[in-house]
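A short worksheet on the structure shown next.
The values are calculated or read from the model by the stated rules, or taken from the named source; none is laboratory data. Source: prediction; values computed, not measured. Glycine also receives a Cβ, built like all others from the backbone with ideal geometry; neighbour counts cover every protein chain displayed.
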Amino acid sequence: MKLFAILAVSVSLFLSACQSSMEPKEAVKETTSANEADISPSSETENIVLAKVGGWVLTKSEFNKVLSDLQSSGAAEGMDLSDLNTKEMLLQRMVNTEILYRVGLERGFDKEAKIEGASSKAKRVLVIQKVLDSLASDIEVSEEEIEEFYQNSGLTDKPLSEMKANIIKAIELAKLEEEVSKLADSYRDELEVEVNFENLGSDQ
């Protein structure tokens with residue numbers, strides 16, 4: 001069931017990024033926790049730029065704030081947020097999320113009646129969700145894919161009938177991740193996307 005858990009966390013991180021990445025910077029309280037110490041911002045990292053999407057800029061201190069929020073909320077339970085690979089995955093997801101938002105604005109989703117009157121924070125989440133829904137609408141899962149997933153799951157001791165719904169959801173989520181990446185890649189030049197993974201390990 002490990003893949004199911006990873007994909008569930010992936011969606012949680014997407015939503016957390018939607019809600020956190022545009023919030024004003026706030027100081028993160030000091031803590032004695034080793035993990036939290038690893039992701040707490042300092043004055044040296046305040047202005048280090050991790051990513052740019054059009055006029056949107058993500059600094060290392062803002063990124064660390066998101067990590068802290070994920071950690072305190074339990075949204076990333078079971079993940080090591082001090083791990084560089086995990087940080088790179090989350091940074092890419094935050095960049096993709098910003099791209100999705102800008103794609104949604106380009107498509108006029110923010111002007112729809114059910115979205116236009118929402119608060120700026122809620123509108124952002126709703127616009128991104130509309131883009132995700134549009135990508136998900138074309139996703140199909142074949143019986144062959146279900147069988148292959150089942151055989152490779154390591155859980156064949158359980159009947160496929162009991163696993164099928166979760167398997168379909170897992171495959172759909174994996175395909176959605178692929179579609180998001182494809183869409184984001186297609187807008188990188190237009191939105192002048194810049195991602196500085198090397199700055200994740202920089203403290204100056």
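Let me confirm something: among GLU140, GLU144, which residue is assigned to a helix (DSSP H, G or I), more than 19 Å from the chain's Cα centre (by Cα) and of a type in the set (Asp, Glu)? Give the steps one after another, and end with the answer.
Values: GLU140 fails: assigned to a helix (DSSP H, G or I).
Of the residues listed, the single one that is assigned to a helix (DSSP H, G or I), more than 19 Å from the chain's Cα centre (by Cα) and of a type in the set (Asp, Glu) is GLU144.
Going by what's in this entry, would LYS158 be described as farther than 30 Å from GLU106 by Cα, of a type in the set (Lys, Arg), over 21 Å from the mean Cα position of the chain (by Cα) and surrounded by 14 or more Cβ atoms within 10 Å (Cβ to Cβ)?
Working: farther than 30 Å from GLU106 by Cα: yes; of a type in the set (Lys, Arg): yes; over 21 Å from the mean Cα position of the chain (by Cα): yes; surrounded by 14 or more Cβ atoms within 10 Å (Cβ to Cβ): no.
In short, no.
Mind listing just one residue for me: the one in segment 153-199 that is of a type in the set (S, T, N, Q) and assigned to a helix (DSSP H, G or I) and, of those, farthest from ALA136 (Cα to Cα)? Reasoning before the result, please.
First, pick out the residues of segment 153-199 that are of a type in the set (S, T, N, Q): 153, 156, 161, 166, 181, 186, 196, 199.
The next check asks that each one be assigned to a helix (DSSP H, G or I); those that pass are 161, 166, 181, 186, 199.
Values: SER161: 24, ASN166: 16, SER181: 13, SER186: 17, ASN199: 33 Å.
Step by step, filter segment 153-199, then rank; the result is ASN199.
So which residues in segment 120-135 are over 28 Å from LYS60 (Cα atoms) and surrounded by 15 or more Cβ atoms within 10 Å (Cβ to Cβ), if there are any at all? First the steps, then the outcome.
Narrowing segment 120-135 to residues over 28 Å from LYS60 (Cα atoms): 130, 133-135.
Matches in segment 120-135: LYS130, SER134, LEU135.
So GLY54 fits all but one of (1) touching a Leu at 6+ places or on another chain (Cβ under 6 Å); (2) crowded, with 18+ Cβ neighbours inside 10 Å; what number is the exception?
Failed condition: (2).
Being assigned to a helix (DSSP H, G or I) and more than 19 Å from the chain's Cα centre (by Cα) is the filter; apply it to segment 86-119 and report the residue that is surrounded by the most Cβ atoms within 10 Å (Cβ to Cβ). Before the answer, list the steps.
Going through segment 86-119, the residues assigned to a helix (DSSP H, G or I) turn out to be 86-106, 109-111, 113-116.
Then drop every residue that is not more than 19 Å from the chain's Cα centre (by Cα), which leaves 106, 109-111, 113-116.
On the way: GLU106: 13, PHE109: 22, ASP110: 18, LYS111: 10, ALA113: 6, LYS114: 9, ILE115: 19, GLU116: 11.
Among them, the one singled out is PHE109.
What are the pairs, 6+ residues apart or on separate chains, where a residue within segment 121-134 that is more than 15 Å from MET94 (Cβ to Cβ) has its Cβ under 8 Å from a residue that is polar (S, T, N, Q) and assigned to a helix (DSSP H, G or I)?
LYS121/GLN19
Would you tally the residues in segment 62-85 being within 21 Å of VAL180 (Cα to Cα), modelled with pLDDT of 80 or more and surrounded by fewer than 21 Cβ atoms within 10 Å (Cβ to Cβ)? Reasoning before the result, please.
Residues of segment 62-85 that are within 21 Å of VAL180 (Cα to Cα), as a first pass: 63, 66, 75-76, 85.
Those still in the list that are modelled with pLDDT of 80 or more too: 63, 66, 85.
Among the residues that remain, those that are also surrounded by fewer than 21 Cβ atoms within 10 Å (Cβ to Cβ) are: 85.
The qualifying residues number 1.
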